[in-house]
1. What is the one condition in (1) hydrophobic (A, V, I, L, M, F, W, C); (2) in contact (Cβ under 8 Å) with a residue 60 or more places away in the chain; (3) in contact with a Lys or Arg (Cβ under 8 Å, 6 or more places away or on another chain) that L135 does not satisfy?
2. Return only the number of the condition from (1) within 30 Å of P110 (Cα to Cα); (2) at pLDDT below 80; (3) surrounded by fewer than 16 Cβ atoms within 10 Å (Cβ to Cβ) that T191 does not satisfy.
3. Please go through the stretch 46-58 and pick out each residue that is exposed (fewer than 15 other Cβ atoms within 10 Å of the Cβ) and of a type outside the set (K, R).
4. Condition first: touching a residue at least 60 places away in the same chain (Cβ under 8 Å) and not aromatic (F, W, Y). Can you find one or more residues in the stretch 42-52 that meet it?
5. With the condition kept exactly as written, say whether any residue in the stretch 86-95 is modelled with pLDDT under 85, touching a Pro at 6+ places or on another chain (Cβ under 8 Å) and surrounded by 12 or more Cβ atoms within 10 Å (Cβ to Cβ).
6. Take the stretch 1-45 and flag every residue that is more than 12 Å from I68 (Cβ to Cβ), surrounded by 15 or more Cβ atoms within 10 Å (Cβ to Cβ) and either among the aromatic types (F, W, Y) or in contact with a Pro (Cβ under 9 Å, 6 or more places away or on another chain) (or both).
7. Among the residues of the stretch 1-14, write down those that are touching a Leu at 6+ places or on another chain (Cβ under 7 Å) and in a loop (DSSP other than H, G, I, E, B).
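The values are calculated or read from the model by the stated rules, or taken from the named source; none is laboratory data. Source: prediction; values computed, not measured. Cβ placement follows ideal geometry from the backbone for every residue including glycine, while neighbour counts extend to all protein chains displayed.
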Amino acid sequence: MNVPTVRQLECFVAVSDTLNFRVAAERCFITQPALSAQVQQLEQTLGTRLFERDRRSVLPTDAGAGLIDSARRILNDLNDLTQAAHAFASPLASTLRLGVIPTVAPYVLPGAMAEVAARHPDLRLLLREGQTDDLVEGLHDGKLDLLLLALEADLNGATTMELSKDRFVLAVPPDHRISLASRCCCSKMGTACAPKPCRYARPRVPAKLATSAPAA
């Protein structure tokens, strides 16, 4: 069974939009005779007249008016298909949905956004700020592509990449007993240690980037 070509559908839509074969030909970047031939071939393939035309006017037939929406939809679907294929070929030229926790967003995103935009101008970045559990759920449900959060989170098997470590420091008055201890951990904060100046420091907490794809 013969089916319409993309070029035939483009000419059909152009004539329907302009109701003028000369203008439609210019829009399709072809000559008017070539456009007329495309429309005639489409009419032969479909087995029906699409336009009534004379020297003064061009009007769609009932078939032409009834089929034009289908032609537009097919061309739009083909355009979507092409864009989707380009997205697979260049993942950073499409839409990326990033989830980030509130304790990280204001410190990381302001500086990172400008650099991301400069390096990947075609990337459309959609941000969602939320609590860890909600973001992880969105990742596994396919509503988010990447998460930026702390290492302690339960990611349900998501693939992770460590980006940085954040150091936490406890500040106390100079005469506090902790400031006179050599080194303390959480379990020793209630007891005095060796009399040597130091500051209490909690181990750094890595920030991680997570995706739903399992590790190889």
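1. That leaves (2) as the condition not met.
2. (1)
3. G47, T48, E52, D54, S57
4. No - not one qualifying residue is present in the stretch 42-52.
5. The answer is no; no qualifying residue exists.
6. Correct list: F21, A25, Q41.
7. P4 - this is the single residue of the stretch 1-14 that is touching a Leu at 6+ places or on another chain (Cβ under 7 Å) and in a loop (DSSP other than H, G, I, E, B).
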